[in-house]
Amino acid sequence: MTLLDIWVLDAPILRQDTTLVSGVTDSHRRLIDDMFETMYAARGIGLAATQVGRLERICVVDVDKARYALVNPEIVTSDGEQTGEEGCLSIPEIYGDVTRAQRVMVRALDRDGKPFEIDATDLLARCLQHEIDHLHGRLFIDYLSLVKRQAAMKKWRKLRGKDKSLTRTIEPRDAAEHHDRDEEL
Ligand code: NI
């Protein structure tokens with residue numbers, strides 16, 4: 001498996017729509033494996049293909065041991081409302097409160113191309129909505145009020161300084177750190 005670079009906020013690919021996968025192949029399964037490895041190394045709980053520079057409609061999530069690879073995911077139904085803090089592996093160290101559906105039913109194909117559904121609530125529902133947004137070029141900062149978004153952008157520019165790179169390299173994760181809190185999606 002390979003650790004993939006993660007594209008960050010200014011990269012145009014993060015704003016692109018993805019393409020439906022017409023048949024799950026070994027190459028997609030390799031991508032899924034690499035995405036899981038990259039997500040864990042980056043201490044994330046979700047990762048979408050656009051974040052690693054790919055346009056296949058694929059994302060991975062791991063929330064409270066609920067681990068899923070989702071190919072062509074779509075939200076079938078959504079209910080209720082929850083507001084909570086989100087971050088993103090493509091916008092490190094920036095957080096903001098986002099209101100999303102409390103519960104979603106998501107339909108997708110698994111790594112073998114078999115259809116399945118997830119009935120998700122709370123953080124898993126939030127994570128799925130965040131990742132599916134990525135697959136359509138949307139980022140959590142899009143949901144912030146103008147004032148909060150501008151403040152987040154200002155902080156981002158300051159953190160970045162002179163660094164204009166569009167990707168971040170993920171280092172292998174030290175096994176000893178394994179119990180740290182994962183918080184970016
Ligand atoms: Ni994200």
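Structure summary
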item: Conditions (1) open to solvent by 10 Å² or more (accessible area, probe 1.4 Å); (2) within 16 Å of the ligand (Cβ to nearest atom); number of the one not met by His130; result: (1)
item: Residue check, Ala120 touching a Cys at 6+ places or on another chain (Cβ under 9 Å), on the phi < 0 side of the Ramachandran plot and more than 16 Å from the ligand (Cβ to nearest atom); result: yes
item: Condition broken by Leu89, with the remaining ones in (1) surrounded by 21 or more Cβ atoms within 10 Å (Cβ to Cβ); (2) at pLDDT below 95 satisfied; result: (2)
item: Residue check, Ala69 closer than 24 Å to Arg43 by Cβ, small (Gly, Ala, Ser), in contact (Cβ under 8 Å) with a residue 12 or more places away in the chain and in a helix (DSSP H, G or I); result: no
item: Whichever residue in the stretch 94-122 is among the acidic types (Asp, Glu) and assigned to a loop (DSSP other than H, G, I, E, B) and, among such residues, is farthest from the chain's Cα centre (by Cα); result: Asp112
item: Scope the stretch 1-17; condition under 16 Å from the mean Cα position of the chain (by Cα), part of a loop (DSSP other than H, G, I, E, B) and not charged (D, E, K, R); matching residues; result: Leu3, Leu4, Val8, Leu9, Ala11, Gln16
item: Per-region count, the stretch 18-51, residues within 16 Å of the ligand (Cβ to nearest atom), open to solvent by 20 Å² or more (accessible area, probe 1.4 Å) and in a helix (DSSP H, G or I); result: 1
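The values are calculated or read from the model by the stated rules, or taken from the named source; none is laboratory data. Please read all numbers here as calculations on a predicted model, not as lab measurements. Neighbour counts are summed over all protein chains in view; Cβ atoms, including those assigned to glycine, are modelled from backbone coordinates with ideal geometry. SASA here: full protein model, heavy atoms, side chains in, ligands and nucleic acids out. Shrake-Rupley method; radii C 1.70, N 1.55, O 1.52, S 1.80 Å.
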